[in-house]
Amino acid sequence: IWSGVYQPTTEKVQKTDLVGNSSLWESAMQSLQRLCVTAAAANKAPSLNKIFINRLSQELASLWPRSLQGLLLHSDAATARGGLPGWVTIYEVGPRDGLQNESKKIPTDVKVAFIDMLTAAGFQMIEATSFVSPKWVPQLGDAKEVMARIRREPGVSYPVLVPNMQGLAGALASGCGEVAVFAAASETFSRRNINCSVRESLKRFEKVAADAVAAGARVRGYVSCAVGCPYEGRIEPNAAADVAVALQEMGCYEVSMADTIGVGTPASMEAMLTATLRQLRPDKLAVHCHDTYGMAIANILTALRMGITVVDSSVAGLGGCPYARGATGNVATEDVLYLLDGYGIQHGIDMDAVLRASEYISNALGRPNSSRVARALLARRADAAAATSTAASVVETVKPGAVAV
């Protein structure tokens, strides 16, 4: 529906003013797209009707006036316990943000197999790679090959990060339907990371976003250092909010507020989101948390209570920030799923399949799994397998007729 009906008619609708409000039409079609993706994921789950109805309620509510949204968003079908959302989308960043800072060269075969395992697990959003210069990020120099070889499942999006027009050209040539751009809420971080001011970085990405949208691709935005910076310390909430607004205004359908170095607390997360939500709807935002101080899950729960329904995470807790000494990886997807399952929040992802992907990539990198939940569940399964093996060995040893009377 999305590729065959909406995209070719977008320009026509805007010219003829078919519904009288092109921005409302845009929102409605984006909602339709997300519902189609949800239906595809729900088809693999046992509770298809409940999952789809939950998401339908949220999407319809996003089109209503703010004063009426609560009628749908706080219905029993759309919410879990404690006013939390009934459905949360996990935006998996492991293949890109999780692997980009690895010093050891990772074979393309491993990356492709990893992404295919994530697809099989039921993720709707998998950030696959970045079309950036190999000079700056050697680990992702095989972006074109990765995108050519992964198994693309209908209804699953495989976004890629693009830092400039050259990166966008490579992404579009590889058939990427979604790209991500980024800007920092910290002036110092922006200058040290991409050698320009925040304002200059936003100006650079205006052309990237415009050309991406014109080519039929969706654009997602990141706000780095949304609560804290390795150089400036605490970031003013309004500074992060202003960057988020600028990214949306240039065409980003969603903006992810990133605690890049993992210094956030529920209090600072709440302050930043409060300032941002004064200007943007919650369905236009996501959160991206690192776990340096062990606060990521608490920060995500804070965001969920404030109406955010998209969470960035990385299988096995892969990743880190090269500009912040001691910064650990992204919050582990397994830990987030465990949180959501505890509240009965639907997500459409198979935890068993995630654990297989988690174990695979950890072994491929030759390091311990950074997810607490993955370590606990995998250890429990190993113990169960060992017990079963021991029991089978005993049965084999004590054969009929060999038992003394």
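Using θ = phi - 60° in the Karplus curve 6.51 cos²θ - 1.76 cosθ + 1.60, the 3J(HN,Hα) couplings for region 134-149 round to x, 5, 8, 10, x, 4, 9, x, 9, 3, 4, 5, 4, 5, 6, 9 Hz; x is entered for Gly and Pro. Ignoring any ligand, DNA or RNA, what whole percent of the accessible area of region 162-262 comes from carbon and sulfur when the probe is 1.4 angstrom? Roughly 47 percent of what the probe reaches on region 162-262 is carbon or sulfur. For the peptides 103-114, 377-388, 155-166, residues were scored by their other Cβ atoms within 10 Å and the scores averaged per peptide; the highest-first order is 155-166, 103-114, 377-388.
Solvent-accessible area per residue in region 268-386 equals 40 Å², computed with a 1.4 angstrom probe and all protein chains kept. Look at the dipole of region 206-359 built from charges on Cβ: of Ser224, Val310, Ala246, the Cα furthest out on the positive end belongs to Ala246. In the structure shown, do any of Lys105/Lys135; Lys144/Lys207; Lys111/Lys144 have a Cα-Cα gap over 20 Å, and if so which? Check vs 20 Å cut-off fails for Lys144/Lys207. Largest first, the extents of the alpha carbon coordinates of region 89-233 on the three principal axes equal 41, 37, 31 Å. What separates the Cα centres of region 156-175 and region 186-264 is a distance of 17 Å.
Computed over protein heavy atoms with a 1.4 Å probe, the accessible surface of region 196-241 works out to 42 Å² per residue. Note down the nm distance, to one decimal, between modelled labels 7 Å out along Cα→Cβ at Asp352 and at Val110. With each label point 7 Å from Cα toward Cβ, the separation is 2.7 nm. At full extension, Ala210 and Glu145 could sit 20.8 nm farther apart than now, given 0.36 nm per residue minus the alpha carbon distance.
The values are calculated or read from the model by the stated rules, or taken from the named source; none is laboratory data. Given the structure is predicted, the values throughout are model-derived calculations rather than measurements. In this analysis, Cβ positions are derived from the backbone assuming ideal geometry, glycine residues included, and neighbour counts consider all displayed protein chains. In case anyone asks, the SASA skips ligands and DNA or RNA and just uses the protein heavy atoms, side chains included. Shrake-Rupley method; radii C 1.70, N 1.55, O 1.52, S 1.80 Å.
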